[in-house]
Every structure is written in C-alpha cells, then in structure tokens.
Amino acid sequence: MANTPQAKNALLMSFKSQLSSDVRSMLVNFEEILKMACRDRNGQIQETTQYEIDALEMQLRAANVVRAADSLMKLVNDLKEYHILYDFPGIDEEIKKNCELIQAKTLEYDEKIGKLAQDMADELVALEEEFYEYGSRNLD
C-alpha cells in the first residue's frame, strides 16, 4: 500500500481498528454471558434479585453483541463501497478484457460475414449463369 494516498491509508487503518474493536467487543460480551450462565449464585443477595440482575446484565451484553454485529455489517458495506470507488485498476483491467473479447468476436463475425457474402456471391453467379443458359435455350 505504499502507492496509495495517505487518506486511503488512514481510511483502511480506521476500518482495521473498527473491525478489531467490534470483534473484541463481541467476544468479551459473549464470554461474559457464558460466565454469568455458569456462575455460582451463593451470596448475600436474594436468589430472585440475583436472577433479575443477571438477566438485565445478559440483556445488556446481548445488546452490545448486537450493536457490534450491526457495526460489522456497516463496516462490510463501507468496505464494498471503498472497493467500488477505489478499485480503478481492477475496473480498467476488466474493461480491457471485455474490449479484447469484443474485438475478437468482431473479427470472428467479420470473417463469418465475409465468408457468407462470398458464398452468396458464388451462388448468385451460378444462378445468373443458369438463368442466362435457360433464357438462351428458350429463345432458340
């Protein structure tokens, strides 16, 4: 990426740090949910109150996982847009391939049309000779 402009580099680094942050957030929150599900509930707080606290914390952590997943989906969309906007060499290469393919097809079709025109000309000459031959027989 040495030849990319500094702004593009900064944007790519931003994408990378956002990816790392979102994945880390999802992992940490998921691990904490699992820890809460396996935790021993012996303490000074009543059991029902502890269940309510755990349920609220799980909902909060689940919401954090969903937020991070939503952020990752937005990041994927941003990366697609970035790829579309800044992949000019790839687009140019694709256009060149398509142009070469079209030129090859054009030459192929020109050859076929030329051969067809020649065949038609040969048939017309043969028909013309047959016409004049038949016409001269009828006159005699």
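Inspect region 31-44 for any residue being within 30 Å of Pro89 (Cα to Cα), within 35 Å of the chain's Cα centre (by Cα) and modelled with pLDDT of 90 or more and give the result as yes or no. The answer is no, given that none of the residues of region 31-44 is within 30 Å of Pro89 (Cα to Cα), within 35 Å of the chain's Cα centre (by Cα) and modelled with pLDDT of 90 or more. Only one entry in Ile45, Ile53 is out of contact with any Phe, Trp or Tyr (no Cβ under 6 Å at 6 or more places or on another chain), surrounded by 11 or more Cβ atoms within 10 Å (Cβ to Cβ), not in a helix (DSSP H, G or I) and not aromatic (Phe, Trp, Tyr), namely Ile45. Of the residues making up region 76-96, those that are open to solvent by less than 90 Å² (accessible area, probe 1.4 Å), among the charged types (D, E, K, R) and free of Cβ contacts under 8 Å to residues at least 40 places away in the same chain are Asp87, Asp92. List, please: which pairs have Cβ atoms under 6 Å, are six or more places apart or on different chains, and start with a residue in region 28-51 that is closer than 23 Å to Asn64 by Cβ and end with one that is not in a helix (DSSP H, G or I)? These pairs meet every condition: Gln50/Arg41.
The values are calculated or read from the model by the stated rules, or taken from the named source; none is laboratory data. Since we're looking at a predicted model, the values are computed, not measured. Cβ sites come from the backbone with ideal geometry, for glycine too, and all protein chains shown count toward neighbours. Just the protein is used for accessible areas: all its heavy atoms, side chains included, with ligands, DNA and RNA removed. Shrake-Rupley method; radii C 1.70, N 1.55, O 1.52, S 1.80 Å.
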